[in-house]
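Encoded as structure tokens, the structure appears first; notes follow it.
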């Protein structure tokens, strides 16, 4: 957790892998022969701000059934930053949408602040109010100003004009958009539009921020800047953050824990703990310990790809 976590060195790392897996001898290609045993990522109930217990998701269409996630046990502590990574099609976004209450799991339970997110087919409104969601596309209304886009959730909740304006200006300052409150989305860069989307998700003070590949469409330099901004915003708001990303380097830079999902059906393959204290400077990415984490996670992804290929399947 960001608020009080310390570490001996920025390179400290712990990786948990599925119990009972069998790996090939040193003279054979490295791959996991048995990927069936998932990692249990549960934490004590008293510590979990968010918890998934025995979560699976099966999609059914007229022609087929697709098991997207299976046997997910994961707890996320208050003010913790967790990144979800894995191959395309492994269920990262499905998992985030389940956390957001947009998709109901086929089996299992999701709790937010120890409240079940679902009661039958109904979502718990008190649990939902704790959640803020940011997608890869900023999804701004083009005819609304920055101020109006940020304040839209407050408008829908019945807040008065003065309160909406005050909060929008406050958030513009937080995300570095001072002076742009009256600008339209077409007048903003891609990074600035994502800042508006993040500010909008924070407008009603959510305790949990869920982000689905928010910087995937940005160039490398802008993405680095947005990573620094996200880290700063998370610290300033004391929010619990769950980030889906395809960038392993981004995940290791930002997260307290990196959760790697296996190829579909998505299971927790490993959990990497990153003990470098926040805030982190960009030059930490050049340190040996950082690179070792990135290389280890990439190796696990490669093993998963090889396993799928040897079993005659595809990863997407």
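Tabulated values for the structure
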{"item": "Scan of the stretch 55-77 for residues that are in contact with a helix residue (DSSP H, G or I) (Cβ under 8 Å, 6 or more places away or on another chain), farther than 12 Å from residue 266 by Cα and touching a residue at least 40 places away in the same chain (Cβ under 8 Å), ordered by number", "result": "77"}
{"item": "The lone exception for residue 238 - which of (1) surrounded by 14 or more Cβ atoms within 10 Å (Cβ to Cβ); (2) more than 27 Å from residue 66 (Cβ to Cβ) it fails", "result": "(1)"}
{"item": "Residue 183 being surrounded by fewer than 21 Cβ atoms within 10 Å (Cβ to Cβ) and either at pLDDT 95 or above or farther than 16 Å from residue 228 by Cα (or both)", "result": "yes"}
{"item": "Criterion: crowded, with 17+ Cβ neighbours inside 10 Å, more than 21 Å from residue 210 (Cβ to Cβ) and in contact with a helix residue (DSSP H, G or I) (Cβ under 9 Å, 6 or more places away or on another chain) - qualifying residue of 251, 276, 281", "result": "276"}
{"item": "Search result, residues across the stretch 165-203 that are farther than 25 Å from residue 241 by Cβ, assigned to a helix (DSSP H, G or I) and touching a helix residue (DSSP H, G or I) at 6+ places or on another chain (Cβ under 8 Å)", "result": "165"}
{"item": "Which numbered condition residue 127 misses (of (1) buried (at least 20 other Cβ atoms within 10 Å of the Cβ); (2) in a loop (DSSP other than H, G, I, E, B))", "result": "(2)"}
{"item": "Residue pairs meeting the criteria (Cβ under 6 Å; at least 6 apart or on separate chains; first under 19 Å from residue 45 (Cα atoms), in the stretch 116-131; second surrounded by fewer than 10 Cβ atoms within 10 Å (Cβ to Cβ) and at pLDDT below 90)", "result": "none"}
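The values are calculated or read from the model by the stated rules, or taken from the named source; none is laboratory data. Worth saying up front: this structure is predicted, and the values here are computed from it rather than measured. Cβ: placed from backbone, ideal geometry, glycine included. Neighbour counts: every protein chain shown.
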